[in-house]
Each structure stands twice: as C-alpha cells, then as structure tokens.
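Report on the structure given below.
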Amino acid sequence: MTLRIAPLAALALAYSIGAIPVGFVVAWAFGIGDIRRHGSGNIGATNVLRTLGRLPGALTLVGDIAKGYLAVVVASALVSGQTSVEAAAGVAAIVGNCWSVFLWFRGGKGVATGLGVFLKLAPLATAPAALVWLAVVMTFRYVSLASLLAAICVPLGALMLGRPPAIVVACAVGAAIVVLRHRDNIARLLTGSERRLGHRAAATERP
C-alpha cells in the first residue's frame, strides 16, 4: 500500500469500525428491536442497561470499548510509526460511533468507544480518568456527569505524562466530542432532571 493511500485507508477503516452500532445490534439480538425507540433513545450501554438489563448492557459496553481499541490497532498496522495518523484514526473511530454511517449519521455519545481509543493511545492516562468516573458514579450516581469529568481528565493526563502532541490533541478532540454529545445531559443536570444510575427505563416504544 502506497504512503499516500495508507493514511486514508487507516482513517476510513477506523471510522467504519467505530461506526458499528453495537448497542443497536445487541438490542435487536435480545428482541427489543430498535433501541433508539426505547428509554433515552441512545444506542449506548447505559440506555441498553436501563432498557434490557445487565447482560445486554455489559455486551454493549465491552463491544463499544473493543471497537475503539481495535480501530486504532488496525490503523497502527497500516501506518506503523505514524503517530499523527494513529491519533487521527482514534478520533475517526469516536466520530464513527457518534455519527454512524450505518444509522444515517446518528449514533452514541462516544464514551465507551473513546475509552477503547484512549486505552490504546494513552493507556496510563485512562487510569485516573477511570477512578474519577467510578468516584462520581458511586457518589452521585450520574453516569453522564462521571463520563464528562472522566473524558476531560484524559487529555490532561496525556499531557502530564508527556505523550506526543498528536495524541494529546486527539484525546482533547475526543473529550470535546463527548462533551458535545452530552449537551442534553448537561442541560438536565443543571435543572436536576437527569436520571441516576439504577433507574430502569420502561421498555415501551418512544413516539
């Protein structure tokens, strides 16, 4: 593969892997149909958990993390040593999750896929972020708030750990996407109407 084609192929493959709608597929497999018509309408693990229970939620979570990690691994194999392309591929995977071509450019909120990406690009930076996520969830039981704070921690951790600038920027862009995708959650957090972890969504279809 030529030097010009390899980066483009890496980005395209990373986006395509990230775009795989894991929660959507899991919901269909468990017989509920289109998960976007249930609960919050999101395809992510939290909505799958609230709507279908622990096993489907866990499968969605693991699948979303795995595809983020795999997207960067595949890109790295195509452009070995090109850190900037690998970092861009990580962002492409998060973009794919949030705006999936398979769902007419709708999708999730990028948290679990972003975690998979960050585990590959900046593994040590994810440890404090994971602790922040856990502490916030255990204290306040707001998954959205925990995800926002954890996402913001990752680029800060990558910077402090001296990761290459391209990776720090990719982590920052990924975190920004997560914040953008949580704008409705932020509004609900500010008004006190955000649902806490443990609140089971009714498995009835949304209009």
Qualifying positions in region 137-169 - surrounded by 17 or more Cβ atoms within 10 Å (Cβ to Cβ), among the hydrophobic types (A, V, I, L, M, F, W, C) and over 27 Å from VAL48 (Cβ atoms):
ALA158, LEU159, ALA166, ILE167, VAL168, VAL169
If SER40 satisfies all but one of (1) farther than 17 Å from GLY107 by Cα; (2) buried (at least 17 other Cβ atoms within 10 Å of the Cβ), what's the number of the condition it fails?
(1)
Go through region 46-86 and give me each residue that's under 14 Å from PHE118 (Cβ atoms) and over 15 Å from the mean Cα position of the chain (by Cα).
VAL73, GLU86
Is there a residue being under 18 Å from LEU49 (Cβ atoms), over 15 Å from the mean Cα position of the chain (by Cα) and not in a loop (DSSP other than H, G, I, E, B) anywhere in region 116-136?
yes
Restricting attention to region 190-207, does a residue exist that is surrounded by 14 or more Cβ atoms within 10 Å (Cβ to Cβ), assigned to a helix (DSSP H, G or I), at pLDDT 95 or above and not aromatic (Phe, Trp, Tyr)?
no
How about region 99-111: which of its residues are part of a helix (DSSP H, G or I) and touching a Ser or Thr at 6+ places or on another chain (Cβ under 8 Å)?
VAL101, VAL111
For region 78-96, does any single residue satisfy the condition of being of a type outside the set (Val, Ile, Thr), within 26 Å of TYR142 (Cβ to Cβ), free of Cβ contacts under 8 Å to residues at least 12 places away in the same chain and not in a helix (DSSP H, G or I)?
no
Candidates VAL79, VAL74, VAL91 - the one that is touching a helix residue (DSSP H, G or I) at 6+ places or on another chain (Cβ under 6 Å), closer than 18 Å to SER147 by Cα and of a type in the set (Val, Ile, Thr)
VAL91
Within region 79-103, which residues are touching an Asp or Glu at 6+ places or on another chain (Cβ under 9 Å) and buried (at least 24 other Cβ atoms within 10 Å of the Cβ)?
ASN97
Do we find a residue being in contact with a strand residue (DSSP E or B) (Cβ under 7 Å, 6 or more places away or on another chain) and buried (at least 19 other Cβ atoms within 10 Å of the Cβ) anywhere in region 104-117?
yes
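The values are calculated or read from the model by the stated rules, or taken from the named source; none is laboratory data. Bear in mind that the values here come from a model prediction, so they are computed numbers and not experimental data. No Cβ is skipped: glycine too gets one built from the backbone with ideal geometry, and neighbour counts run over all protein chains shown.
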